[in-house]
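*Asks:* I have a structure I would like to understand better, so I am pasting it below and will then ask my questions one at a time.
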Amino acid sequence: MGQDLADAVLDALDEPVFLVDHNGEIAFSNRAAESLFGSARRGGTLLDLVEQPHEALIHYLRRCSGTAQTLPGAATLRDVSGELIRFRLRGARTRMEGTPYIFVRCLHSQRDQFPALAAKIRELNAEIHQRRRIQATLEESLRNNEVLLRELHHRVKNNLQMLIGLMAAAQRETSSDEARSILEEVVQRITAIGSFQRLMHESQEIRTISSAPFVQAICDATATTIGDRLRIEVRADDGELSHEVGMPLALILNELLTNAAKHAGGRIGGSVRVGLFSDNQGWELVVHDNGPGLPPDPRNRRSSGLGLVKGLCRQLGASLKLENANGARFVIRFGRQEQT
């Protein structure tokens, strides 16, 4: 191959190519090299383009001068604008017109040998970045919604407290025994709802409440309205109840405790046992007092409050069992609800 033809072939390459001796003096550089580094074809030195120190490049060139096999290397070269660019080097011994040289190709380290794969990786990285931005936006929106929901719980709790105060004032002012009795029942029910609302506000979970504190709070709230007429014993398994279950369950428990206070309260040793138990099928609420038990006549005053309990059980999809067992015993079973 003639010299002119060899030069033309090297000039056709799109990566910089140098012919240098073992000291790095340039005998030839192709057009790509001159365009990038501004080097003359002859008379310059490759070491002029390299950041200090030069020992690593000199050692690499001397290794290449001893073999015709291509050896890999690397160097950071400064282009004509002064920018530093990292290159992968491929060097080997060669001869030009009988003179030994080192043929050095400079491959940009960021130029991937697999362009299709590199493009796919870039596409995936862009998609990951976009998904992370969307996730961050959604998480921020969720945090804002949780703050708003907690603020709503707080306001509802305060409004219920104000409503209880208004009802209690009306109860004190009325001269009608029937109206006083009705207002007392309403205050008891709103108090149960308020206790549940307070638990939702204080809970660390946004969609559930803990079962044991829930039962204790409703029993304590009801005890404040019925006074010391009845001793309440509480036992509850640990677990989580959804808010959809908690509200009707609070009203059911309040109603059963109120009925127990009317019929077992005031008696010597009057008491009621409350239990909330969990198993694989769901939950079981048991309210068992030591009063006179359920009357045979369903129209008796004792059963008048059970209409609300039965309606709330239907809302929960729960079963209700009533029995006399040394007092009235109510057993309510309901399944676990999926959290949404």
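*Asks:* Per DSSP H run of n ≥ 4, the term is -39500 (n - 2.57); total these for the chain, divide by its residue number, and report the mean residue ellipticity at 222 nm rounded to 500 deg cm²/dmol. Could you put the intermediate results ahead of the total?
*Replies:* Values: 8 runs with 160 residues, N = 340.
Rounded to the nearest 500, the figure is -16000 deg cm²/dmol.
*Asks:* Note the angle between two axes, namely the Cα long axis of helix 306-316 and the longest principal axis of the Cα atoms of the chain, as a number of degrees from 0 to 90, rounded to the nearest 10.
*Replies:* Orientation of helix 306-316: about 20 degrees from the principal axis.
*Asks:* Angle check, please: helix 115-173 long axis (alpha carbons) against the longest principal axis of the chain (alpha carbons), in degrees 0 to 90, nearest 10.
*Replies:* So the helix axis and the longest Cα principal axis differ by about 20 degrees.
*Asks:* Between helix 211-226 and the chain, what is the angle of the helix's C-alpha long axis to the longest principal axis, kept within 0 to 90° and rounded to the nearest 10?
*Replies:* The helix 211-226 is inclined about 30 degrees to the chain.
*Asks:* Please calculate the 1.4 Å probe accessible area of GLU127, with all protein chains present, and give it to the nearest 10 Å².
*Replies:* Here the accessible area works out near 80 Å².
*Asks:* Taking the radius of gyration and the Kirkwood hydrodynamic radius from Cα positions alone, what is the Rg/Rh ratio for region 23-92, to two decimal places?
*Replies:* 0.94
*Asks:* I've got another one for you. Under the Kirkwood approximation for Rh and a Cα-based Rg, what ratio Rg/Rh is obtained for region 73-112?
*Replies:* Taking Rg over the Kirkwood Rh, I get 1.11.
*Asks:* I'd like the distance between the alpha-carbon centres of region 159-222 and region 231-254, rounded to an integer number of Å.
*Replies:* Measuring centre to centre over Cα atoms gives 14 Å.
*Asks:* Out of all DSSP beta bridges in the chain, what portion is antiparallel? Express it as a percent rounded to 5.
*Replies:* Bridges in the chain that DSSP calls antiparallel: roughly 90 percent.
*Asks:* Sticking with this one: Across region 67-81, in residue order, what do the Karplus-derived ³J(HN,Hα) couplings come to in whole Hz, using 6.51 cos²θ - 1.76 cosθ + 1.60 with θ = phi - 60° and x for Gly and Pro?
*Replies:* My calculation for region 67-81 gives 8, 8, 7, 5, 10, x, x, 7, 7, 9, 10, 9, 7, 5, 8 Hz in order.
*Asks:* Still on this model: Report, by chain and number, residues whose modeled amide H sits under 5 Å from the one on GLU15, excluding near sequence neighbours (fewer than 5 apart, same chain).
*Replies:* Distant-sequence amide H within range of GLU15: zero hits.
*Asks:* Then there is this: Determine one quarter of the surface area of the Cα convex hull of the chain, which equals its mean projected area, and express it in nm² to one decimal. Numbers along the way, then the final one.
*Replies:* On the way: hull surface 124.8 nm².
Projected over every direction and averaged, the Cα hull of the chain covers 31.2 nm².
*Asks:* In addition: Please report the accessible area of LYS157 (heavy atoms, 1.4 Å probe, ligands and nucleic acids excluded) in Å², nearest 10.
*Replies:* 40 Å²
*Asks:* If you don't mind, there's one more thing I want to ask. Carbon and sulfur together cover what percent of the accessible area of the chain at a 1.4 Å probe radius?
*Replies:* 51 percent
*Asks:* Normalised by the residues of the chain, what does the relative contact order come to in percent, with Cα pairs under 8 Å and at least six apart?
*Replies:* Over the chain, the number comes to 9 percent.
*Asks:* Oh, and also: Using only C-alpha atoms and all pairs of different ones, pull out the Kirkwood radius for region 127-257 in Å with one decimal.
*Replies:* Details: mean 1/r = 0.0595 Å⁻¹.
Computed over Cα pairs of region 127-257, the Kirkwood hydrodynamic radius comes out at 16.8 Å.
The values are calculated or read from the model by the stated rules, or taken from the named source; none is laboratory data. Owing to the predicted nature of the structure, the values given are computational and were not obtained by experimental measurement. The area values use the complete protein model at the heavy-atom level, side chains included, leaving out ligands, DNA and RNA. Shrake-Rupley method; radii C 1.70, N 1.55, O 1.52, S 1.80 Å.
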